[in-house]
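Down below is the structure, laid out as structure tokens.
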Amino acid sequence: MGSSCGAKLTILLSLLLVSWIPYRSSALDNDASLFVDGSFGRKIPDTLFGIFFEEINHAGAGGLWAELVNNRGFEAGGPNTPSNIDPWIILGNETYLIVSTDRSSCFERNKIALKMDVLCDDGSTTNACPDGGVGISNPGFWGMNIEQGKTYKVVLFVRSAGPINVSVSLTGSDAKTLAVSNIIASDSSKWAKMEVLLEAKATDHNSSLQLTTTRKGAIWFDQVSVMPLDTYKGHGFRKDLFSMVQDMKPAFIRFPGGCFVEGSWLRSAVRWKETIGPWQERPGHFGDVWNYWTDDGMGHLEFLQLAEDLGALPVWVFNNGISHNDEVSTPNILPFVQEILDGLEFAKGDAKSTKWGSIRASLGHPEPFDLRYVAIGNEDCWKPNYLGNYLKFYAAINQSYPDVKMISNCDATSKQLDHPAHLFDYHVYDNANALFSQSHKFDQVSRSGPKVFASEYAVTGGDAGKGSLLAALGEAAFVIGVEKNSDVVEMASYAPLFVNTNDRTWTPDSIVFDSSRMYGTPSYWMQHFFRESNGATLLNSTLQTSSSNPIVASAISWKSSEDNKNYLRIKVVNFGSSTVALKISISGLKSIESLGTKTVLTSNNVWDENSFDEPEKVVPFKTPLDNVGENMNVVLTPHSLTAFDLSI
Ligand code: AHR
């Protein structure tokens, strides 16, 4: 764009064009007409579309985090309840083996260890052990995915009264041994760290780890881990799930919750300092909102690393002294504030001159992370101590980290905030019609106040099932509204990202997986239509329709990093049940190449979902587009999201 005078002239011409539009005959010949003005645009924030990763549905523990052992330290009861060794099971019966727990671990923050008193002995003639010995077995998270040719690192801490041989094996669901090694525990007074590498000779997606012996005596186990060597860059992320997320090209990642951050009670809220350092020393915790134990293998450092690996900005949601059922009063909040300042220093501090920065460096990441956003709590605006606590966090962070933007929990879409904030959180879970209508949600939001972070949106309930086409279309309309209002909406993310199909606490989700398989729901694929929007240019577009079908549309232009070419993408949601003839008229572009593509997300039935059996029932379908030019007649399939991509 030239001088400011030139810009004004363009605006004037655009206004004239818009007011002239109703008299164009083309608007009458078609069900709908879309006018795109390529000469005038506004930059979309680089941060607009990202992801929200919450430890829900076993998204991390038993999901993206590749650790295969579930409850590796036998701590799953949590600090205030009796030990719970679930899902470990005992191999052999009480005739040969007594299993108990005690607090003899060498790790101060997770004292519980498992003790096996073995009563049988293959060395004796009278009391031989059953075939395969006796011991314990861990099924992982509904089965370990053990794959032929891959190597698994088993680490365990062992202590025994006298020498005892232990067989460490990965065993298939048919009891076949996939990989095995033997260790000998020999010192009663000291814990020993044992490590074995096991290479699998066959594949079984439902395997388990077995620790067995045929020698009489007492043996203790603690902190037992099985990690595949083959994780993303060796950083511990399951490669297949990582690449599904990477394909979304997220500009940011909000973590680690959600309600997970809050806890039902403060004693179960996330405390970042408990999630860093050597994995075997982390206490782990029971997330009492989503009701499962996590060893916190995926902790503060791993989340920051994940953001870096995805090329996404981290957005750290921290507990502000408020859970679902209890609250820290504002006069007592300062220790919480200090904990968060320390967490920021851990992420951003200099590796040499700051305490927490040097701890980060000692854990293998000397370079500071690019942490620019924090959210002060989650969905807590209405709580009695929110404002008081918020202001304490805001003041302290603003003083120490003036470059960090802070996100309030208070919805300011229809009112002014009574406190300072750079952004405010907006969450919406509703039926498909409601999400469709929310394509105008941000039209009236004040342009002078804080920006919107639509950090959780999704169609839920009957319209969504486990992830329907209908849900994706309602969401697509909402997201088009986000894109068109991206002068005031700075960020948006669908929620939740992941579900392990064996623990569906929250439905629907973007990505469904089990130990070895995964697929995207239609909502996942809907988000792909917006992958190029971050940092693109939003073009003026005007829709005229005589169709009874609800339709929304937007247009962007962007430069592809792959081929360095410029593209125009027009996205249209046809939310109705009949076909729409759409005339697209494009003005203000120097040239349009004759080749284009049309990508459609639709299906025979709006209730259609993907599944492990039919993972690609509802996925985008791309075809060449031949009648490309300034004036194009196209057809919108009933119940569809369509992207027209033109090279310009
Ligand atoms: O996304 C699931 C949950 O919905 C989040 O934990 C919470 O923030 C919201 O209520």
Next item on the list: Quick one: which residue in W279, W290, W316, W265 is within 15 Å of the ligand (Cβ to nearest atom), open to solvent by 30 Å² or more (accessible area, probe 1.4 Å) and either touching a residue at least 60 places away in the same chain (Cβ under 8 Å) or within 30 Å of S104 (Cα to Cα) (or both)?
Entry: W290
Check: In this structure, is E302 closer than 27 Å to Y426 by Cα and either surrounded by 20 or more Cβ atoms within 10 Å (Cβ to Cβ) or within 16 Å of the ligand (Cβ to nearest atom) (or both)?
Finding: yes
Note to self: Just to be sure I understand, how many residues within the range 549-577 are under 16 Å from I592 (Cα atoms), in contact (Cβ under 8 Å) with a residue 40 or more places away in the chain and of a type in the set (K, R)?
What the structure shows: 2
Next item on the list: State yes or no: is D509 open to solvent by less than 10 Å² (accessible area, probe 1.4 Å), assigned to a loop (DSSP other than H, G, I, E, B), within 16 Å of the ligand (Cβ to nearest atom) and not β-branched (V, I, T)?
Entry: yes
Notebook entry, point to check: For F35, are the conditions met, namely being within 16 Å of the ligand (Cβ to nearest atom), at pLDDT 95 or above and aromatic (F, W, Y)?
Noted result: no
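Matching residues to (1) more than 18 Å from T47 (Cα to Cα); (2) surrounded by fewer than 22 Cβ atoms within 10 Å (Cβ to Cβ); (3) within 16 Å of the ligand (Cβ to nearest atom):
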residue	(1), (2), (3)
V488	no, yes, no
Y494	no, no, yes
R531	no, yes, no
S548	yes, yes, no
D563	yes, yes, no
L595	yes, yes, no
Notebook entry, point to check: Considering the range 437-484 alone, what residues qualify as being open to solvent by 10 Å² or more (accessible area, probe 1.4 Å), closer than 19 Å to D411 by Cβ, in a loop (DSSP other than H, G, I, E, B) and touching a residue at least 24 places away in the same chain (Cβ under 8 Å)?
Noted result: K441, D443, Q444, S446, R447, G449, P450, T460
Next item on the list: Determine the pairs where a residue that is more than 22 Å from A476 (Cβ to Cβ), located within the range 46-64, has a partner that is surrounded by fewer than 24 Cβ atoms within 10 Å (Cβ to Cβ) and among the acidic types (D, E) with Cβ atoms under 6 Å apart, the partner being 6 or more residues away or on another chain.
Entry: N57/D503; H58/D503
Next item on the list: Look at S173 and say whether it is at pLDDT 95 or above and either closer than 22 Å to D131 by Cβ or surrounded by fewer than 19 Cβ atoms within 10 Å (Cβ to Cβ) (or both).
Entry: yes
Notebook entry, point to check: What are the pairs, 6+ residues apart or on separate chains, where a residue within the range 496-512 that is basic (K, R) has its Cβ under 9 Å from a residue that is within 11 Å of the ligand (Cβ to nearest atom) and modelled with pLDDT of 95 or more?
Noted result: R504/N57
Margin query: Looking only at the range 333-368, filter to residues that are among the charged types (D, E, K, R) and closer than 29 Å to I322 by Cβ; which one of those is farthest from the chain's Cα centre (by Cα)?
Written below: K355
Next item on the list: Restricting attention to the range 365-385, report how many residues are free of Cβ contacts under 8 Å to residues at least 60 places away in the same chain and out of contact with any helix residue (DSSP H, G or I) (no Cβ under 6 Å at 6 or more places or on another chain).
Entry: 7
Next item on the list: Tell me which residues, restricted to the range 107-126, are open to solvent by 10 Å² or more (accessible area, probe 1.4 Å) and either touching a Leu at 6+ places or on another chain (Cβ under 6 Å) or farther than 20 Å from L211 by Cα (or both).
Entry: F107, E108, R109, K111, S124, T125, T126
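The values are calculated or read from the model by the stated rules, or taken from the named source; none is laboratory data. Owing to the predicted nature of the structure, the values given are computational and were not obtained by experimental measurement. For neighbour counting, all protein chains shown are included, and Cβ atoms are generated from backbone atoms with ideal geometry for every residue, glycine included. Side chains are part of the model used for accessible areas, which takes the heavy atoms of the whole protein and leaves out ligands, DNA and RNA. Shrake-Rupley method; radii C 1.70, N 1.55, O 1.52, S 1.80 Å.
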